[in-house]
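Novice: Here you go, one structure.
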Amino acid sequence: MNIEVITGDITTLPVDAIVNAANCGLLGGGGVDGAIHRAAGKALFEECLKVVAGLPGHQGETGQAYLTGAGNLPCKVVIHTPGPVYQDGRHGEAALLADCYANSLKRAEEKQCASIAFPCIATGVYGYPKEEAAGIALATVKAFPARAVKKVVFCCFSREDAELYQRLVAQQ
Ligand code: AR6
């Protein structure tokens, strides 16, 4: 599997799948979630409504991943994964964040996606420490038994985040 680190806006990427750092409501929000919904348009929101309607309690679970189409985005599918709200690291946050990456890759495999782009899940509003989160992201992706997925893009929104990922990639 080929790992790429870029700085950019995930909504512009012509990959097969992009991952959305969602919340359990799965109907949009701020940050990358807001950007994805704005760029994708109403069709994505309507698909999300259908996904939510079929879930127990009408909401998603932290660490799980839910696939929809991509509306007006250049990618083919969007995989929505609610990350953990970071408290102190003693509330299972690391395992839940790893689940976000592994379950997103599972959804991508099921759809035979060859390429997938991740944002830095949970490191914005949800407050996950960036370096620890990047370590978990890289380790989980590398350990994943990918078949269809050939390329994973870590799409960082800032140059600092991209430098952090690049440093970790070089170290491993
Ligand atoms: N492309 C790539 N990365 C982006 C973009 C973009 N267009 N916009 C922001 N980021 P956050 P979370 C980066 O807060 O911490 C939302 O309201 C951002 O710089 O979007 O998982 C949801 O609805 C940061 O590195 O997600 C949830 O309620 C990363 O994306 C909650 O926030 C994640 O930041 C989820 O919080």
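Novice: Can you tell me which condition Q172 does not meet? The list is (1) under 19 Å from E4 (Cβ atoms); (2) at pLDDT 95 or above, and all the others hold.
Specialist: Q172 satisfies all of (1) under 19 Å from E4 (Cβ atoms); (2) at pLDDT 95 or above except (2).
Novice: Among the residues of the range 16-38, write down those that are among the hydrophobic types (A, V, I, L, M, F, W, C) and surrounded by fewer than 22 Cβ atoms within 10 Å (Cβ to Cβ).
Specialist: Across the range 16-38, the qualifying residues are C24, L27, A35.
Novice: Taking into account only those residues within the range 65-98 that are of a type in the set (S, T, N, Q) and closer than 20 Å to C155 by Cα, which is surrounded by the most Cβ atoms within 10 Å (Cβ to Cβ)?
Specialist: Result: T81.
Novice: Please find, among I79, I36, the residue that is within 12 Å of the ligand (Cβ to nearest atom) and either modelled with pLDDT under 95 or within 19 Å of C120 (Cβ to Cβ) (or both).
Specialist: Sole residue among the options that is within 12 Å of the ligand (Cβ to nearest atom) and either modelled with pLDDT under 95 or within 19 Å of C120 (Cβ to Cβ) (or both): I36.
Novice: Here's another thing I want to ask about it. So if I check each of A133, A139, A108, A114, which one is hydrophobic (A, V, I, L, M, F, W, C) and within 14 Å of the ligand (Cβ to nearest atom)?
Specialist: A133
Novice: Step by step: first the residues of the range 15-28, then only those that are part of a loop (DSSP other than H, G, I, E, B) and in contact (Cβ under 8 Å) with a residue 60 or more places away in the chain, then the one that is farthest from V51 (Cα to Cα). Which residue is that?
Specialist: Applying the filter and picking the extreme gives V15.
Novice: Write out, first by first residue and then by second, each pair whose Cβ atoms fall under 8 Å of each other, whose residues are 6+ apart or on separate chains, and whose first residue, in the range 99-116, is at negative phi while the second is of a type in the set (D, E).
Specialist: So the pair list comes out as A108/D16; K111/D16; C113/D16; A114/D16; S115/D16; I116/D16.
The values are calculated or read from the model by the stated rules, or taken from the named source; none is laboratory data. Here the structure is a predicted model, which means the values were calculated and not measured. A quick note on method: Cβ atoms are made from the backbone with ideal geometry, for glycine too, and the neighbour counts reach across all protein chains shown.
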